[in-house]
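The values are calculated or read from the model by the stated rules, or taken from the named source; none is laboratory data. Everything quoted here is computed from the prediction, not taken from an experiment. Ideal geometry is used to build each Cβ from the backbone, glycine not excepted, and the neighbour counts take in all protein chains shown. Note: areas computed on protein heavy atoms with side chains; ligands, DNA, RNA excluded. Shrake-Rupley method; radii C 1.70, N 1.55, O 1.52, S 1.80 Å.
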Amino acid sequence: MKTSLREKENIFQALYIVAIVLLKRKYGMLLNDYENIIFVFLAALGLYLIHWLLTKFSKSENQLDDWEEKLDIMTIVIYGFGLLLLKWLQVMSVRIMLLVGGLLIAINVMIKYKRRSIKKKMDAH
């Protein structure tokens, strides 16, 4: 059974996330208050690097939709900057961090939904 490019990307990205979560758990104390912020930026960088490498060196004609992948990575980066801003403002409430993350995910989903509906309408004409 042959795995698709999307499946390979998901496997590598999942392994990467597991690895940095384990490293964060073991060495996170060394980063002090910036532990979560650095984790978010490392996650975004690694996920995009895996995506870029697999699409760049793929021999498959069927390429992934880069637009949605870039939107997902951009959402993670914006969340990282949001955490950094909250840190600088000395707002370390988990509820506020969850609210910021939830709002960014909701905006991400709405953008994807609108884009897909517009593409469907364009394809129908």
Which residues, counting only those in the range 1-37, are open to solvent by 80 Å² or more (accessible area, probe 1.4 Å) and of a type in the set (A, V, I, L, M)?
M1, I11, L15, V18, L22, L23, M29, L30
Here, helices (runs of 4 or more DSSP H) confined to the range 1-96 with at least 3 residues that are more than 25 Å from V109 (Cα to Cα) and at pLDDT 85 or above are 5-27
With respect to I111, determine if the residue is at pLDDT 85 or above and either touching a Ser or Thr at 6+ places or on another chain (Cβ under 6 Å) or open to solvent by 50 Å² or more (accessible area, probe 1.4 Å) (or both).
yes
Based on what the data block shows, is V40 aliphatic (A, V, I, L, M) and either within 17 Å of the chain's Cα centre (by Cα) or open to solvent by 90 Å² or more (accessible area, probe 1.4 Å) (or both)?
yes
List pairs: first in the range 87-102 and more than 19 Å from N32 (Cβ to Cβ) and open to solvent by 50 Å² or more (accessible area, probe 1.4 Å), second of a type outside the set (V, I, T) and modelled with pLDDT of 85 or more, Cβ under 7 Å, 6+ apart or cross-chain?
I96/L86
For the range 81-109, give me each residue that is closer than 19 Å to A43 by Cβ and in contact with a helix residue (DSSP H, G or I) (Cβ under 8 Å, 6 or more places away or on another chain).
G82, L83, L84, L86, K87, M97, V100, G101, L104, I105, I107, N108
For the range 1-41, which positions are more than 21 Å from V100 (Cβ to Cβ) and of a type in the set (A, V, I, L, M)?
M1, L5, I11, A14, L15, V18, A19, L22, L23, M29, L30
